[in-house]
Amino acid sequence: MDINVLRNQLNKYKNSEVSRDELIEWAYEVLNSMIQSREVLTLKGIFTYPFISKISVNKKSWESIKDTTINDYISILNGEKDFNYLFVTRLDEEKWTKQLAVIKKIMDDYIINNCLSEKEHDYLMDFVEREQGFELKTISDLVMSNIINYIDCLPINIHDELELSSLYVQDEITNSVEYIKLINNMIKVYCGKSDLCVSINYSKFGNTLTLNTLQS
């Protein structure tokens with residue numbers, strides 16, 4: 001299911017090629033299929049969710065969805081009208097790995113020691129080099145990509161670098177702590193132990209997706 005299929009179906013309704021009941025039934029079946037197959041959490045399918053979920057209402061409630069609303073949906077999908085949609089979800093709880101456990105321990109130790117050992121530093125850099133560059137297909141993939149990017153951007157304090165000025169070191173530690181919070185929170189999200197806030201933005205410049213954790 002992608003935006004082009006949805007747009008075509010809405011245009012068919014607008015041109016009276018499908019009836020109102022047929023459109024509702026179609027959207028209802030599509031939404032159920034997306035939820036059961038978890039396609040709703042693919043990067044391809046998620047951009048259709050805000051519209052499919054609204055159209056697939058009980059037929060008795062259809063009057064709340066006007067023809068002008070369908071026209072608005074078409075304009076949004078065509079990039080003629082800006083629209084933002086926000087929802088909260090939780091990923092499947094099957095992704096906790098030994099690798100992530102090691103990374104979380106390194107992050108926790110960093111908070112305590114304010115630095116990394118060379119072994120820890122090398123482990124993180126090996127992880128980034130090994131894991132980055134894969135094709136993004138799902139929300140889970142995007143969360144993992146965020147984890148990799150946050151680690152790659154982490155201001156690294158290796159133990160023998162702490163002889164630098166205290167002001168510089170303190171600034172580096174402060175920045176590091178913020179990144180570590182993001183990394184740990186995203187690991188919890190990836191493993192299905194924390195909720196994820198998904199923000200979808202539609203505009204003439206293209207559709208974008210932003211992920212945020214609900215933990216500080």
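No value in this document is a laboratory result; all are computed from the given coordinates. Since the structure is predicted, the reported quantities are computational estimates derived from the model, not experimental observations. Please note: Cβ atoms are built from the backbone with ideal geometry, for glycine as well, and neighbour counts cover all protein chains shown.
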What's the lysine pair count for segment 3-83 at a Cα cut-off below 23 Å, pairs eight or more apart or interchain? 16
Nearby lysines by direct alpha-carbon distance to LYS119 (threshold 27 angstrom, same-chain neighbours under 8 apart not counted): LYS95, LYS98, LYS104, LYS105, LYS181, LYS188
Sorted by packing (mean other beta-carbon atoms within 10 Å per residue), highest first, where do 82-88, 178-184, 9-15 land? 178-184, 9-15, 82-88
